Amino acid sequence: SDSIVTTEVVVIGSGPAGATAALLLSTLGIDTIMITKYRWTANTPRAHITNQRAMEVFRDLGIEPQVLADATEHGLVGDTVFCTSITGEEIGRIHTWGTRPDREADYRLASPCLTVDIPQTYLEPILVRNATQRGAHTRFSTEYLSHTQDADGVTVEVLDRLTGAQYSIRAKYLIGADGARSKVAADIGLPFEGAMDIAGSMNITFKADISRHVSHRPSVLYWVVQPGSNVGGIGAGLVRMIRPWNEWLIVWGYDIADEPPVVDEQAAIQIVRNLLGMPDLDVEITGTSLWGNNEMYASRLHLGRVFCAGDAVHRHPPSNGLGSNTSVQDAYNLAWKLAAVLRGQAAPALLDSYTDERAPVAERIVKRANRSSREFVEIFEALGVLDARTEADMAAAIEERKDNTPAGAAKRAALVRAMDLKNYEFNAHGVELGQFYASSAVLSDGSTRPAPTRDTDLYYEMSTVPGSHLPHAWVGDSSRRLALMDLAPYTRWTLFTGIAGEAWAQAGEKIAQELGVPLETVVIGPGREVTDLYYDWAKLREVEESGVLLVRPDKHIAWRAMTLPEDPEGRLRQALLSILGRD
Ligand code: FDA
């Protein structure tokens, strides 16, 4: 290379992982260059379900209103339908993404945000725009070629695809957020479990106004049982809403062992008409693509100064809608740690906690998504259509569920069970929110996590045991209502205590100054910064009023004290030094 540019962090990729990382780093004032191979962001809608934890990240970053403005709102996402075609027989519905009234309560109690739908083509520009506005250098048409690292930094070789020129970027750290075919992950030899391309899928995007058939049962997903819909793919044929109700994406499977199918316009129109059950529909095909389903995760996410995030380290089907969400949350876990080390607030050892905390999440979501995709077979089995080869065979088998016969009754009972099982894909609140961290960046107070009282995939249970995510409660005063998380912004550490624990504020100020760490104390109680509006916090905090929670920038609880000790300053110093790897 002729020239070399320098920065603190270089991010490869502008997808949900990379763009979120660049946005977080620039928000923290870290000098960042984000490069991405293509001339713009994602060119197909791809991921869309955006869960509460990802929305909380956007809330924290101050971009929640921008995301909501481009999203399909919560109320329209959840009447998920199983059918023989959009105009055909309905096999059943399931309230999804926390829209069933009893589950909606769980979701609303757990977070100030609700699940919405925003296709990647809408989300990425918001992330990239804000990252760039806040100071990140964004370079499109720029390809990562290779890197070397030494004791002081990383040198990254990149290609400007417009001019053909190569140059080097010298950085302190490198984030490889370059997707499922990550070259960065391969270059640092990350160890992977599982396999790629275990099933084939095709995406067909099209425009057609089908409001008449769907707007009375509004959903993001309409699942179609037709001959061939359990071959390859993601469990069944899928008609997915991109924009209500005139832009759509079909996911249809194919056998990965066969030659890849040719999806020309004629073939695409035929598949659309079949799944919609509208043989004469006038449809505008806007795109087609083939993609492989993966079941693969990395057991280590970094090597030295190089960190991988997003699909680079977890690759799985879209089932459960975890891909983009988990990628956003990887970045949320990593960025503050890099900033803390770069600013001399933490020892580099803090960075090891990235793998310790996020690798178990990667494994969990990859396994859950694949299991959910496979569990569709229960519906095919319940209907008795697994062996049906022709449309007529399949229709007859599906028809049998109407019969007043023992076979009909058995089919109906089997359907109840099969539909119930899909809650593990569509209402898996525990998978979505229940991420608990065990690492050197969390200091135990000697307590153990309470045993779960309900299924840990379906239900999320709040706790303040160190490693847990900060529980949600509304606080405020007569003029405003805030989520607790709003008082613990990403730019700092936060101590939460009650009036009897006010002494923590002084200790916090002293330690913040002494250690050079941004740390503020929030006292919750009448006449203080905020009050416990609904008296919920008193029941959620698990510590005494004089106790304290030390909350990390990413809202996980780093440490807690049940009561005010004799020497709060000493205890806090000890805790922070240990968490920051400085002891
Ligand atoms: P992502 O793949 O989004 O981004 C990778 C980035 O790296 C891109 O910006 C790319 O340009 C860049 N890059 C790659 N190599 C580079 C290089 N050498 N140099 C520079 N830049 C480089 N999920 C879901 O939940 N529902 C869905 O329906 C779908 N559908 C879907 C369809 C298709 C076709 C794909 C490929 C994926 C999906 N997904 C999906 C998965 C979802 O899109 C995925 O989980 C997230 O995009 C992951 O975000 P990342 O930021 O990790 O990678």
Fill in: Spin-label model distance (nm) - THR453 vs ALA69, 7 Å beyond Cα toward Cβ
4.2 nm
Discussion item. Helix 503-515 against the longest principal axis of the chain: what's the angle in degrees, Cα atoms only, rounded to the nearest 10?
Written reply: 90 degrees
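Using a simple charge model, +1 on the beta-carbon of Lys and Arg, -1 on the beta-carbon of Asp and Glu, nothing else, what dipole does the stretch 377-421 show about its Cα centre, in debye to the nearest 20?
Details: 6 positive and 9 negative charges, 35 e Å.
Its charge dipole is roughly 160 debye.
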Response to the item:
In the neighbourhood of ALA298 defined by beta carbon distances under 10 Å, the net charge of the other residues (Lys, Arg +1; Asp, Glu -1) is +1
Worksheet entry | Gain on full stretching of the segment that runs from GLN513 to SER479 - 0.36 nm per residue minus C-alpha separation | 9.0 nm
Worksheet item: In straight Cα distance, which aspartates and glutamates are under 20 Å from LYS411, not counting same-chain residues fewer than 8 positions off?
Response: GLU89, GLU90, GLU375, GLU378, GLU381, ASP387, GLU391, ASP393, GLU399, GLU400, ASP403, ASP420
Worksheet, complete the sentence: If each part is reduced to its alpha-carbon centroid, the stretch 416-483 and the stretch 23-99 end up apart, in Å, by 20 Å
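For an R0 of 25 angstrom, estimate the FRET efficiency from the Cβ-Cβ distance between ARG129 and ILE4 and round to the nearest 0.05. Let's see the in-between values first.
Details: r = 28 Å, r/R0 = 1.11.
E between ARG129 and ILE4, to the nearest 0.05, is 0.35.
If you count, for each residue, the other Cβ atoms within 10 Å and average over each peptide, how do 426-439, 269-282, 339-352 line up from highest to lowest?
Values: 426-439: 22.3, 269-282: 16.5, 339-352: 18.1.
So the peptides 426-439, 269-282, 339-352, ranked by packing, come out 426-439, 339-352, 269-282.
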Worksheet item: In this model, which of LYS37/LYS422; LYS37/LYS207; LYS183/LYS337 are farther than 30 Å apart at the alpha-carbon?
Response: LYS37/LYS422
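In a shell of Cβ-Cβ distance under 13 Å around VAL283, excluding VAL283 itself, what net charge do Lys and Arg (+1) and Asp and Glu (-1) give?
Numbers: positive: LYS207, ARG273; negative: ASP209, GLU247, GLU265, ASP280, ASP282, GLU284.
Charge balance near VAL283 sits at -4.
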Fill in: Principal-axis tilt of helix 120-133 within the chain, Cα atoms, nearest 10 degrees
20 degrees
Item to complete: About the Cα centre of the chain, how large is the charge dipole given +1 on each Lys and Arg Cβ and -1 on each Asp and Glu Cβ? Please answer in debye to the nearest 20.
Response: 520 debye
Worksheet, complete the sentence: Taking the stretch 390-485, the equivalent ellipsoid from its C-alpha gyration tensor has semi-axes in Å, biggest first, of 46, 18, 12
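Given 0.36 nm per residue, what is the gain on full extension from ARG374 to GLU566 after removing their alpha carbon distance, in nm? Walk me through the numbers before you get to the answer.
Working: separation 192, 0.36 × 192 = 69.12 nm, distance 5.57 nm.
Extra length available between ARG374 and GLU566 comes to 63.6 nm.
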Item to complete: Rounded to the nearest 10 degrees, what's the angle between the helix 352-374 long axis and the longest principal axis of the chain, both from Cα atoms, 0 to 90?
Response: 20 degrees
Worksheet item: Taking a point 7 angstrom from the Cα of THR390 along the C-beta vector, which residues in the stretch 206-235 have backbone N less than 14 Å away?
Response: 227
Item to complete: Taking the Cα centre of the stretch 1-85 as origin, sum charge times position over the Cβ atoms of Lys and Arg (+1) and Asp and Glu (-1), and report the length of that vector in debye to the nearest 20.
Response: 280 debye
Fill in: Euclidean distance between Cα centres, the stretch 317-342 to the stretch 536-583, Å
24 Å
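At R0 = 22 Å, how high is the FRET efficiency between VAL262 and ASN43 if r is their beta carbon distance? Nearest 0.05 is fine.
Numbers: r = 21 Å, r/R0 = 0.94.
E(calc), rounded to 0.05, equals 0.60.
When Lys and Arg each count +1 and Asp and Glu each count -1, what net charge do the other residues less than 15 Å away from SER479, Cβ to Cβ, add up to?
Working: positive: ARG480, ARG481, ARG528; negative: ASP477, ASP486, GLU529.
Within the 15 Å Cβ shell, the charges total 0.
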Fill in: Under Karplus coefficients 6.51, -1.76 and 1.60, residue-wise ³J(HN,Hα) of the stretch 376-386 in Hz, glycine/proline x
4, 4, 4, 6, 4, 5, 4, 7, x, 10, 4
Worksheet entry | Cα centroid of the stretch 149-219 to Cα centroid of the stretch 102-139, whole Å | 18 Å
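Show me the ranking of peptides 107-116, 454-463 by mean Cβ neighbours inside 10 Å, starting with the highest.
Working: 107-116: 21.3, 454-463: 17.3.
Ranking the peptides 107-116, 454-463 by packing returns 107-116, 454-463.
Taken together, the values in this text are just the output of simple stated rules run on the coordinates, not laboratory data. None of these values were measured; they are calculated from a predicted model. Note that each Cβ is placed from the backbone with ideal geometry, even for glycine, and that neighbours are counted across all protein chains shown.
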